[in-house]
Each structure stands twice: as C-alpha cells, then as structure tokens.
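The next block holds one structure in the form of structure tokens; read it before the comments.
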Amino acid sequence: MAVGRQWLAALPQPSAILSMCEEGDIIVLEANAAFTDAFRSHSLSQIMERASIEWRNRVETFIESDRSCESFELRRDGTLGPEYFMCTIGRLPTEGAPLILFTAIDRTSDRTIEKNLRRELLSDGLTALPNRTGFGEEIDDRLSNTVWPDNAQFGIIAIDLSRFSRVNESLGPMAGDELLITVAKRLKSSLRQGDVLARIGGNDFAIFARLNNGLSDALHIVQRIREALSSPIRLSDLQIRVDCAIGCALSIDLKDDPDDVVRKAQAAVKIAKRSGKVEIYRNGVLKEAQRRFSIESRLREALAHGGLTLAYQPLIHLQTGEITGFEALARWHDPELGHVAPVEFIAVAEESGLITSLGRWAAYEAAQALSRWDVRYGQPLPVGVNVNLSPIQMARDDVASMFEEALRYSGIAGSRLTAELTESAIIADPDKARKLLFALKDLQMPIAMDDFGTGFSNLASLHSLPIDILKIDRSFVSSMAEDHDKAVIVRTILSLAESLNLKVTAEGIETQELALALQQMGCWQGQGYYFARPMSEADAFDYWRARWNFETV
C-alpha cells in the first residue's frame, strides 16, 4: 500500500482507501493527513455512526454494488455546529477484496453562506418576518410535518394597514418603517402556538392558522388582532391610531393549495377595504379579482392605443325642448373581454390609479369633439359637453391644468365645457376642492354637482362654492311618480336651487310623464332614455342638427 499512501498524500482534500472486512465492517486501510485531521478516526464506520446511519448504509451498499463511483453529502455535528462534506467514493482497480477511494471536500462554509442567503431570500429585512416566499415554505412545512386532527382545516388571515402611505408622506419613510416594526410586534403577540405571521407586501401582513373549529377560530384571531392594534402607536411626538382591513379565507381540506387560499384572502381583504368590515372569502370572489386584474391590464392597453370611445347623451331644456348640451360618457368594447360596463372599468381605474389617464383622455376627447362639430357646422355650436370628474382624479391630478390644456388644444371657449363632480369629491378634501373649483371658474367653466341628494353637503358649502348646476340623482327622479316622498325631495331640491340661484338638471327621465311633471315643477334641464340613449359623436351631431329648431317636450 506504499504507492497508495503516496497517492493519498498528493491529494489536498481528506482522502482514504477503504475496504470491507469479513465481518462486514468498513475499515480504513490508508489515509492522508487531511483525512486524519478532519475525522480523527481510523474507522469510517464510527464516522458514519456519528453522522448518519443512512450514509453508512450508503457506502456499504455501494461496495456491494457494481457501480464505479458515487457522490453524497455527509453531515456531522462539530464543536461549532453542523459540518458538511461532499464525499466521493470510487473503485480502485485491484484483484481480490475491493478497494474504495474515499475523498471529502469540506462544504461547511458554503452551506453556511447558502443558509444565510436563503434566510435573506425568505425573510423580510425590516421586520425579520417571513416574506411572501418564506410564508409559502412555512405553510408547506406546517402542513407536511405537523400532526393534524381529521376535521382540522387551515385559514389565511390577510391584513392591510389603512392610510399607511399618509404616514410615509407626512412623517417620512423612517417613521413608516418604525410603524411597520411596531405593528409586526403587536401582531406577533396575538398569535397562538403554531400560527405563522408574515409580511407579504409593503403594508400587507398575513397569518397562517390551524382552525380546529373552523370560522369561529378565525374570528377569534381577528378579535385578538384588533385588540393588539387598538391602542395608538407613538411616532415622534404623535400618537398614530392604526386602522386595518382584514380578509379571511378558509381551506376546504388540508389538500387545498396554500397559494390559492392566500390569493383568496387577499381578494377578501380588497373587499374589506371598501366595506370597512371583516370579510370572509366567498365563492366567486377570486374570479371577480381575476376579472378586475384582466380589466386593469386590458384597460391600460386600451388607453395607450385608443381603445375607448365617448358616447354623448343629450341634455334637454325642459321648457323649450332645446338641446343645451351633451354629457360625455366613456364606453369600452374590448376584443377579448367584450363590452365592459362603465361602472366596472371605472371602479378598476380608480382602484389601480388609471383614472388619471382615463379622466385626461375623456376631457381632451370631449373638447376635440366640440371642435370637430364646430368645423362640420361652420361655426361654434350653441351646445356644450359635460365631463365627469372622479374624486380620486381630483385628489391625484392637476385637474385645472388638464382642462386648460384641453381648451387650448381644441380652441373652444371654457363656457362650453362643464365639469361634473360628486358631493363626495368635495367632502373628501374641502380645501383642495374649493381651490380647484375657483381655478375652473377662472377658465369660465360651468360646474355641476352630480348625484345631488345622495351625499352629505350642507347649505353653507353650496352657498360658498362656485357651483352653477345641481343634478338630481336618478334614484329620486325615476320613481317620483309613484313615491310621494321622492317627489317631495325633488321639489325641495328645486326650491333650494332657486333660492341659491342655481340651475337644476334631472337625471333618469325615462317617460313622458316624468318629463312633463318636472317641466311643471320648473326644472331647467333633463336627461334620460325618454329623450335619447348615449350615442356616438357623429350620431350626436346629427341628433342636434335634426332638433335645432327646438321641439317641445
């Protein structure tokens, strides 16, 4: 074995020549110094016993097989923690008893680096909680390595911190980070043994919980969460009260895909943000969320490539039958989704932030339509167009600049473009709304308050704001003939408007009876299916030209 000893001495890694004795034990015939230093043993069987019986059996099985070489990882407990070796065993050409060349490469530092990198990959650096990927692995581990009762199920509780962006904007990102760390600690205090808390987004947390009693267990955890977040959090010199939206999704059985349950909980929390209540996932909610995602994706493309159109519904002077203008209404027929109702895609636009692009497109297109009508007629038409403003667009966009550009590009007078906004848009930020309305008045634009009667505006705000028109919501108009209370509300709004020197438009006029009743009440203007449905730009021009001699109601 002298030659073998020389070969081993030439190898830098721990190496040995093994054999199997008649009793079946693995023995070390020759070993280099690196092997002796690394293992400090002349019996590989002892090494294997300290490491794992599985690997000892693996070596024995290899010796008994006809394979020429094999590799495996050896783990053993060292003085400073686990040690890892990548081992290779191969047959040496010899006659008689088989000889095996064993080499081992120390991979302990590599495994430590991998472990640290994996920890960073799977955890949130700010809160030290699992991140979205780590959350999935923690769930898989709990489901695979925990004994579950036969009737047990699991649930995901998603938590979205409300108004978190305001903390970042007002106090800075450091305060936002401090808030998240404090919230994470409080949420962790509300967990039971075996529950898993993760931070799965910027201000989104999620809890995996075993539910032995179904929904009642989930609601109990929700109550603990609310109690944990009930007291204010001190940031700098401020006391911040944390509000959150909570959505829950429950598995049907333990074979459910955890990722699917997490998505369902996230869909439920989106509904909770709108409702202000704890929401439990219902069948169909995920489909709704997936449709909203499809709508958002397709809407973004439609806005970029001119896929939307404006329809125009006439506004009729109820005393003379004159067409005083049109309301511009966005319409969308998508090649993949088909016809998408405005109530659906506008809600998605507001949720996704696309409402700014949508609102700008509508304002520019409406102004350009007026310009094109003027060219066809040979002079400015005696009509205008009403453009709707979303509260979110008013909050995020420079609306006055948008209208100024729309008027300048089209060359039409500001008096022909009416801005329609809802009461809720004014209530959300009264000071900003006031500045915007006065800026629009500087452009000579009329201002209409849409859906009047459904909000909470008071007489003082109406009197102090530069509003020209009140639009009575269709919910009052359409049923006023058979509902005495609705008729009283309409009369009251008309009387209020007269005292404040405001004009009134009634929406939702669908019968001649309603048109005549409103005419007798002294209502200035109306719109609805009785007069015409929304129509294309070309049809709207033809409709005006056919009635330009002012038919009667």
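Taken together, the values in this text are just the output of simple stated rules run on the coordinates, not laboratory data. What you see is a predicted model; the values in this text were computed from it and never measured. Neighbour counts are summed over all protein chains in view; Cβ atoms, including those assigned to glycine, are modelled from backbone coordinates with ideal geometry.
Remarks
- Rg in Å to one decimal, and Dmax rounded to a whole Å, for region 292-546 via C-alpha atoms: 17.9, 51
- For residue 80 and residue 146, the difference between the fully extended length at 0.36 nm per residue and the C-alpha to C-alpha distance is 20.8 nm.
- Over region 292-546, Cα pairs under 8 Å with separation of 6+ residues give a relative contact order of 19 percent.
- Computed lengthening from residue 233 to residue 530, 0.36 nm per intervening residue step minus Cα-Cα distance: 101.3 nm
- Placing unit charges on the Cβ atoms of the charged side chains and taking the dipole of the chain about its Cα centre, the candidate lying farthest along the positive direction among 268, 187, 476 is 476.
- Inter-label distance, residue 371 to residue 548: 2.2 nm, where each label sits 7 Å from its Cα along the C-beta direction.
- For the chain, the equivalent ellipsoid built from the Cα gyration tensor has semi-axes of 75, 26, 22 Å, listed from largest to smallest.
- Cα pair distances exceeding 25 angstrom across region 125-283, given as percent: 27
- Cleavage-rule hits, chymotrypsin sites (Phe, Trp or Tyr not before Pro), region 479-531, DSSP coil, Cβ neighbours within 10 Å at most 15: 529
- Expressed to the nearest 5 percent, the antiparallel share of DSSP beta bridges inside region 292-546 is 45 percent.
- Coupling constants for region 304-309 follow from the phi torsions by the Karplus curve (6.51 cos²θ - 1.76 cosθ + 1.60, θ = phi - 60°), and in residue order they are 6, 10, x, x, 9, 9 Hz; glycine and proline get x.
- Relative contact order (percent, whole number), the chain, Cα cutoff 8 Å, 6+ residue spacing: 8
- A run of the chain free of exposed loop cleavage sites, with GluC sites (Glu not before Pro) counted only in DSSP states other than H, G, I, E and B and at most 10 other beta carbons within 10 Å, reaches its longest extent at 96-335.
- Under 20 Å from the residue 21 label point (7 Å along Cα→beta-carbon), backbone N, region 90-117: 96-102
- Region 313-379: radius of gyration and largest Cα-Cα distance (Dmax), Å: 15.4, 45
- Beta bridges per DSSP, both residues in the chain: antiparallel share near 75 percent.
- Rel. contact order, % - alpha carbon contacts under 8 angstrom, at least six apart, region 125-283: 30
- FRET efficiency, residue 6 to residue 192 (Cβ-Cβ, R0 56 Å, nearest 0.05): 0.30
- Once backbone amide H atoms are built at 1.01 Å from N, residue 315 has 324, 325, 326, 327 as its partners under 5 Å, excluding neighbours fewer than 5 places away on the same chain.
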